[in-house]
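Participant: Sharing a structure below in structure tokens format, with a few things to ask.
What follows is calculated from the coordinates using simple rules that are stated; it is not laboratory data. Computed from a predicted structure; not experimentally measured. Neighbour counts run over all protein chains shown; Cβ positions are idealised from the backbone, glycine included.
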Amino acid sequence: ATFTEEGLHNDVGSIQEHYFDKGYIMARVRPDTLLNMETDKVDITYTLAEGEVAYVNKINIRGNTKTKDVVIRRELRIKPGERYDGGKLKRSKERLYNLGYFEDITFDTEETAEPDKRDMVVDVKETKTGEFSFGGGFSSIDKLIGFVEIEQKNFDMLNFPTFTGDGQDLRLRGEFGSTRKNYLLSWTEPWIFDKPISFGIDLYASEHDKSGTTGYAYDETRRGGDIRFGKEFSETLRGDLTYKIESVDIANLDSNVSQALKDEEGKNTICSAITQLTKDTTDNKFNPIKGSVITGSIEVAGGPFGGDKDFAKFFNSISHYSMIGPFLLELKLRDGVVTTYGGNNGAVPVYERFFAGGTYTIRGFKERDVSPKDQSGDPIGGGTLAIANAELTVPIIENLKGAFFIDAGNVWHVP
């Protein structure tokens with residue numbers, strides 16, 4: 001291989017990283033180079049000073065003026081008394097960045113009276129976690145649209161008057177359009193009773209008016225709420241359990257629609273429980289460039305959970321991220337099946353079936369247009385879904401990217 005200063009620097013960094021992972025945080029590597037005139041090659045000698053294995057004495061948090069110490073400490077994968085571990089330090093930094101509270105995080109050490117113990121210093125620079133935003137525009141699908149949103153990602157309901165610092169997430173959002181309206185109030189406590197179990201509630205309402213551009217052959221109004229629990233089983237695996245109750249009202253049907261749509265007219269109550277497992281190996285929750293996210297969920301409505309409809313819905317997705325030179329490649333697969341059970345309430349409701357087409361599924365098709373249709377040509381949804389997406393993005397200027405994509409998929413079978 002050709003000798004370069006950059007390559008030499010990378011080798012030194014790799015050797016030091018290997019020692020850091022074993023707890024030798026004071027290890028030093030000194031490279032010496034000598035040009036061999038006879039062979040016209042560079043001889044490299046690495047001189048190592050290992051030092052002693054170091055252990056964590058105390059952990060000091062600095063720079064957090066709003067965020068409570070406990071919010072930072074519970075994300076650290078290394079504890080006082082443990083051997084310094086480069087892998088755990090790296091994962092700790094990833095978890096802190098994934099909170100979205102900090103724009104810069106550095107780790108350092110300080111000497112103590114004992115040579116094999118060093119205090120660990122976590123220095124953070126906080127960023128803005130509260131946001132008030134609003135906007136409006138026009139789209140070919142929703143026509144006139146607008147939104148107002150208030151979000152605090154580092155909320156503390158007991159910290160008057162700032163209400164920040166405890167790591168809770170509070171979000172209020174309203175969307176208004178010519179063909180749709182959406183309202184959401186969401187609150188999440190990621191560590192209930194100081195245990196790694198999350199708890200959250202959502203209250204929501206949505207309205208979709210009948211429109212050919214959005215794929216709705218009827219007016220749909222949904223109002224409801226849910227209670228959520230979640231738990232991390234490992235660094236990459238978490239489970240979530242949700243119980244949801246919502247009222248669905250279908251109205252304003254044309255006289256020539258199919259009997260399947262006519263059967264859904266009126267109000268129904270849907271009560272369901274959703275179990276979900278997620279395996280996330282990405283390097284960053286907000287802007288991943290490597291790793292995968294695999295999700296599988298089962299929703300069971302009716303039966304022991306009450307409500308007017310009995311159905312079961314299975315959904316899986318996998319996304320993989322990797323860099324190809326300056327390009328970010330995202331590969332995504334999604335599949336789902338929904339079916340009735342018990343034999344008491346007929347077909348799966350149209351509003352619980354799968355639809356595809358549009359910005360978030362198969363681009364190039366109208367919203368919800370990839371679906372079985374009735375004799376009037378209206379989409380009525382399907383019981384089986386499969387979608388594959390490949391997207392290559394490249395930054396052009398700050399906050400602007402270009403993308404190349406291929407989408408494929410279909411929705412089959414009227415359940």
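Participant: Let's see if you can work this out: charge +1 on each Lys and Arg Cβ, -1 on each Asp and Glu Cβ, no other charges. What is the dipole magnitude of the chain about its Cα centre, in debye to the nearest 20?
Facilitator: With Lys and Arg at +1 and Asp and Glu at -1, about 720 debye.
Participant: Just the Cα atoms of the range 1-134, one point each, no solvent: what log10 I(q)/I(0) does Debye give at q = 0.14, 0.20 Å⁻¹?
Facilitator: The Debye formula, applied to the Cα set alone, gives -0.75, -1.13.
Participant: I need the per residue convex hull volume for the range 209-412, using only the alpha carbons, in cubic angstrom as a whole number.
Facilitator: Spread over its residues, the Cα hull of the range 209-412 gives 138 Å³ apiece.
Participant: Whole-Hz ³J(HN,Hα) for each residue in the range 385-395, computed from phi via Karplus 6.51 cos²θ - 1.76 cosθ + 1.60 with θ = phi - 60°, x for glycine and proline: what do you get?
Facilitator: 10, 8, 9, 10, 10, 10, 9, 10, 10, 9, x
Participant: Show me the ranking of peptides 357-369, 284-296 by mean Cβ neighbours inside 10 Å, starting with the highest.
Facilitator: Highest to lowest by the protection proxy: 357-369, 284-296.
Participant: Ok, one more. In percent, what relative contact order does the range 5-49 have, based on Cα pairs under 8 Å that are 6 or more apart in sequence?
Facilitator: Relative CO of the range 5-49 lands at 29 percent.
Participant: Would you calculate the separation in nanometres between label points at E17 and E110, each defined as 7 Å from the Cα along the Cα-to-beta-carbon direction?
Facilitator: 2.9
Participant: For the range 55-126, take N as its residue count and report Rg(C-alpha) divided by 2.2 N^0.38 Å.
Facilitator: The reported ratio for this selection is 1.06.
Participant: Next up: Just to be sure I understand: if I project the alpha-carbon convex hull of the range 5-49 onto a plane and average over all orientations, what area do I get in nm²?
Facilitator: 3.3
Participant: For the chain, with the dipole built from +1 on Lys and Arg beta-carbon atoms and -1 on Asp and Glu ones, taken about the Cα centre, which of H208, V248, A403 lies farthest toward the positive end?
Facilitator: V248
Participant: Farthest toward the dipole's positive end in the range 5-49, which of I44, L8, H18, given Cβ charges of +1 (Lys, Arg) and -1 (Asp, Glu) about the Cα centre?
Facilitator: My answer, from the dipole projection, is H18.
Participant: Where does the chain land at 222 nm, in deg cm²/dmol rounded to the nearest 500, when only DSSP H runs of n ≥ 4 count, each adding -39500 (n - 2.57), divided by all residues?
Facilitator: -3000 deg cm²/dmol
Participant: Let me ask something else about it. Once Rh for the chain is found with the Kirkwood sum over Cα pairs, what is the Stokes-Einstein diffusion coefficient at 25 °C and 0.890 mPa s, in µm²/s?
Facilitator: 96
Participant: What's the magnitude of the charge dipole for the range 37-90 around its Cα centre, counting Lys and Arg as +1 and Asp and Glu as -1 at the beta-carbon? Answer in Debye, nearest 20.
Facilitator: Here the size comes out at about 880 debye.
Participant: Which part of the range 312-337 falls in the paramagnetic zone of T295, meaning amide N under 11 Å from the point 7 Å along Cα-to-beta-carbon?
Facilitator: Once the point is set 7 Å along Cα→Cβ of T295, 315-319 turn out to lie under 11 Å by backbone N, inside the range 312-337.
Participant: Same structure, new question: Answer with one residue from Y101, G86, V56: the one whose Cα lies farthest towards the positive end of the charge dipole of the range 55-126, charges on Cβ with Lys, Arg +1 and Asp, Glu -1.
Facilitator: Highest projection toward the positive end goes to Y101.
Participant: Same structure, new question: Binning at 5 Å from 0, report for the range 267-373 what percent of all alpha-carbon pair distances ends up in each bin.
Facilitator: Values per bin, smallest distances first: 2, 10, 16, 16, 16, 15, 11, 7, 4, 2, 1, 0.
Participant: While we're on this one: Please check: in the Gaussian network model of the chain (C-alpha springs, under 10 Å), which one of F199, F354, F20 has the largest mean-square fluctuation.
Facilitator: Looking only at F199, F354, F20, the biggest GNM fluctuation is shown by F20.
Participant: Here's something else I'd like to know. Restricting things to alpha carbons, find the Rg to Rh ratio for the range 204-276 using the Kirkwood radius for Rh.
Facilitator: Result for the range 204-276 is an Rg/Rh of 1.16.
Participant: Please sort by residue number the trypsin sites (Lys or Arg not before Pro) in the range 95-178 whose DSSP state is loop and whose Cβ has at most 16 other Cβ atoms within 10 Å.
Facilitator: Sparse-neighbourhood loop trypsin sites (Lys or Arg not before Pro): K128.
Participant: Count charges around F107 for me, please; just the other residues with Cβ under 10 Å from its Cβ, Lys/Arg as +1, Asp/Glu as -1.
Facilitator: Net of charged neighbours comes to 0.
Participant: Can I ask one more? Could you tell me the relative contact order of the chain? Use alpha-carbon pairs under 8 Å, at least six residues apart, and round to a whole percent.
Facilitator: Taking the mean separation of contacting Cα pairs over the length of the chain, I get 7 percent.
Participant: Of the DSSP beta bridges with both residues in the chain, give the percent that are antiparallel, rounding to the nearest 5.
Facilitator: Here the share of antiparallel DSSP bridges comes out near 95 percent.
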